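Take this structure first; my questions come after.
The values are calculated or read from the model by the stated rules, or taken from the named source; none is laboratory data. Keep in mind it's a predicted model, so treat the numbers as computed, not measured. Because the Cβ atoms are built from the backbone with ideal geometry, glycine has one as well, and the counts that use them run over all protein chains shown. Each accessible area value is taken on the protein alone, full model and side chains, heavy atoms only, with ligands, DNA and RNA left out. Shrake-Rupley method; radii C 1.70, N 1.55, O 1.52, S 1.80 Å.
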Amino acid sequence: MSSRELRRLEEALEYQRMYEERVKSAASNIRDYFSDKRPVFGLVLGSGLGDLAEKIENARVISYGDIPYFPTPTVEGHDGKLFIGEIASVP
């Protein structure tokens, strides 16, 4: 293995380690913010499904910008918010 290949492998492993740490940090922040809520299922809504978010009952909302390492949406009209609540009394 050449030194260049070894360096690329080391960089890939470091990227993976940092990625996993960032995901854990974001997940921990979300759990802490919504510590009293335990969702049973989740929905990822596209840019055209924002009306459904308005139907979430007892919703708590956090901006993506308040979640460490969470990606910022680039789609025009995307609010960049995470909602946790209930739909038809299901958390």
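For the structure I just gave you, tell me whether Ser35 is within 30 Å of Ile56 (Cβ to Cβ), in a helix (DSSP H, G or I) and either hydroxyl-bearing (Ser, Thr, Tyr) or in contact with a helix residue (DSSP H, G or I) (Cβ under 7 Å, 6 or more places away or on another chain) (or both).
So Ser35 does not fit the description; no.
State yes or no: is Leu82 free of Cβ contacts under 8 Å to residues at least 12 places away in the same chain and within 16 Å of the chain's Cα centre (by Cα)?
Considered against the rule, which asks whether it is free of Cβ contacts under 8 Å to residues at least 12 places away in the same chain and within 16 Å of the chain's Cα centre (by Cα), Leu82 comes out as no.
Within the stretch 64-75, take every residue that is out of contact with any Ser or Thr (no Cβ under 8 Å at 6 or more places or on another chain) and modelled with pLDDT under 90 and give me the one that is surrounded by the fewest Cβ atoms within 10 Å (Cβ to Cβ).
Thr74
Out of the stretch 1-43, which residues are among the hydrophobic types (A, V, I, L, M, F, W, C) and either in contact with a Cys (Cβ under 6 Å, 6 or more places away or on another chain) or loosely packed, with under 10 Cβ neighbours inside 10 Å (or both)?
Within the stretch 1-43, Met1, Val40, Phe41 meet the criteria.
Identify all residues within the stretch 1-59 that are touching a residue at least 40 places away in the same chain (Cβ under 8 Å) and either more than 21 Å from Gly80 (Cβ to Cβ) or basic (Lys, Arg) (or both); write none if there are none.
Matches in the stretch 1-59: Arg22, Lys37, Arg38, Val40, Phe41.
Of the numbered conditions (1) under 18 Å from the mean Cα position of the chain (by Cα); (2) among the charged types (D, E, K, R); (3) in a helix (DSSP H, G or I), Asp51 satisfies every one except a single condition; which is it?
Against the list (1) under 18 Å from the mean Cα position of the chain (by Cα); (2) among the charged types (D, E, K, R); (3) in a helix (DSSP H, G or I), Asp51 comes up short only on (1).
State the number of residues belonging to the stretch 76-90 that are in contact with a Gly (Cβ under 8 Å, 6 or more places away or on another chain) and at pLDDT 85 or above.
So the count comes out to 1.
Still on this structure, I have one more. Taking the stated definitions as given, is Asp79 open to solvent by 100 Å² or more (accessible area, probe 1.4 Å), out of contact with any Lys or Arg (no Cβ under 6 Å at 6 or more places or on another chain) and in a loop (DSSP other than H, G, I, E, B)?
Spelling it out, Asp79 is indeed open to solvent by 100 Å² or more (accessible area, probe 1.4 Å), out of contact with any Lys or Arg (no Cβ under 6 Å at 6 or more places or on another chain) and in a loop (DSSP other than H, G, I, E, B).
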